[in-house]
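Shown next, in C-alpha cells, is the structure this report addresses.
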Amino acid sequence: MNFRAVRAIYRFEMARTGRTLMQSIISPVISTSLYFVVFGAAIGSRITEIEGVSYGAFIVPGLVMMMLLTQSTANASFSIYFPKFVGTIFELLSAPISFIEIVLGYVGAAATKSIILGLIILATAGLFVPLRVAHPVWMVTFLVLTAVTFSLFGFVIGIWADGFEKLQVIPLLVITPLTFLGGSFYSINVLPPVWQRLSLLNPVMYLISGFRWSFYEIADVSVGVSLAMIALFLVLCLAAVWWIFRTGYRLKS
C-alpha cells in the first residue's frame, strides 16, 4: 500500500476545501440552517412534537442526513470528474498508484469533508433547539457509513459523467427528492397506509430512520434493517468502483 500517494491525494483535496471555504463549508451550513428555521417555524407552529420529541429537534437528524447525502455525492463526483475534464487524470493513471489508493484518497477526503460539515450543522442546530444523543457511538457509525457510502456513489457518478450537467442530474433529480420524501421532516407513521408502504421503497428513508434513532430512540423501521440497507448500498458502490477500474470505463475520456 502506497500510503504516501493516498496522503498526497487526500491532502490536495482537503486543501481545495480551504481555498473554497465559502462554497465548501459556509454555504451548506447556511442553506441547512435556513431549512431548519423555515420548516421549524412554519410547521413547528402547527406540529408541536412527534413521538414525544419537539418538532424542531425531530427534524435535525433529517437535515444533517440530507446535507450528508448531497455533499458527499457532490464532493466526490467533482473531485474525480475535474481531473478528467482538464486532462490531469492521465498523470494519475500513469503514476505507480493502484486503484485502491486512488479511491482511498478521493473518497476519504470527500467523506471527511462531509463528516466535518455534519458535525458543524449539529453544533449549529444546538443553538436553536436542545439536542440529545441517546447513542453517540451509533450516531457516529451512521454518520461515517453514510458519508463513505455516498462518497463512493459520487465517485462513480464523477466517472460516469461526461459533462458538468450530468454531475447534477442524479443529486438534483434523484437524491434530493428521495431525501425530502424519506422522512426528513416527518415520520412516515403520520402518512396514510398506502403512502407508508410506498415510503418503504425509498432507500433514503432507512438511513434517516436509523440516524434519528441514534438521537431519540424513535424510528420508522428497525435499526437492524437500516444498517442492512446502508451495508447493501456500500457493497454495491464498492462493486461498481471495482468494475470501473477493472474495465477502465470512462477513466480516460
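Any read-out appearing in this document is the output of simple, stated calculations on the displayed coordinates, not a laboratory observation. Quick caveat: nothing in here was measured; it's all calculated off a predicted structure. All Cβ positions, even for glycine, are placed from backbone atoms using ideal geometry, and neighbour counts span all protein chains on display.
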| query | Quick one: what Rg and Dmax do you get for region 142-191 from the alpha carbons, in Å? | reply | 13.5, 42
| note | On the formula 1/(1 + (r/R0)^6), with r taken between the Cβ atoms of F82 and V235 and R0 of 25 Å, the FRET efficiency rounded to 0.05 is 0.35
| How big is the equivalent ellipsoid of region 1-141 along its three axes, where each semi-axis is √(5λ) from the Cα gyration tensor, reported in whole Å from largest to smallest? | 37, 16, 11
| field | Segment A8-R132, extension gain: residue separation times 0.36 nm, minus the distance between their alpha carbons | value | 40.9 nm
| message | Starting from the 7 Å offset along Cα-to-Cβ, what nm value, one decimal, do you get for the label separation of F164 and I218? | response | 4.3
| query | Can you give the FRET efficiency for V144 and L198, using 1/(1 + (r/R0)^6), R0 = 30 Å, r = Cβ-Cβ distance, to the nearest 0.05? | reply | 0.55
| message | Taking the Cα centre as origin and putting +1 on Lys and Arg beta-carbons and -1 on Asp and Glu beta-carbons, what dipole magnitude results for the chain, to the nearest 20 debye? | response | 540
| What nm distance separates the two modelled labels at S33 and A95, each placed 7 Å from Cα along Cα→Cβ? | 3.6
| said: Is the C-alpha gyration tensor of region 96-253 telling us rounded, prolate or oblate? Criteria: a/c under 1.5 is rounded; beyond that, a/b larger than b/c is prolate, otherwise oblate. | reply: prolate
| request: For region 66-81, just list the computed ³J(HN,Hα) in residue order, Karplus coefficients 6.51, -1.76 and 1.60, θ = phi - 60°, integers in Hz, with x standing in for Gly and Pro. | output: 4, 5, 4, 5, 5, 6, 4, 5, 5, 4, 5, 5, 5, 4, 8, 6
| Highest-fluctuation residue, A219, A228, A74 considered, GNM on the chain with Cα pairs under 10 Å | A228
| Taking the Cα centre of each part, how many Å lie between region 98-122 and region 142-216? | 18
| field | Percentage relative contact order, region 98-253, counting C-alpha pairs under 8 Å, at least six apart | value | 28
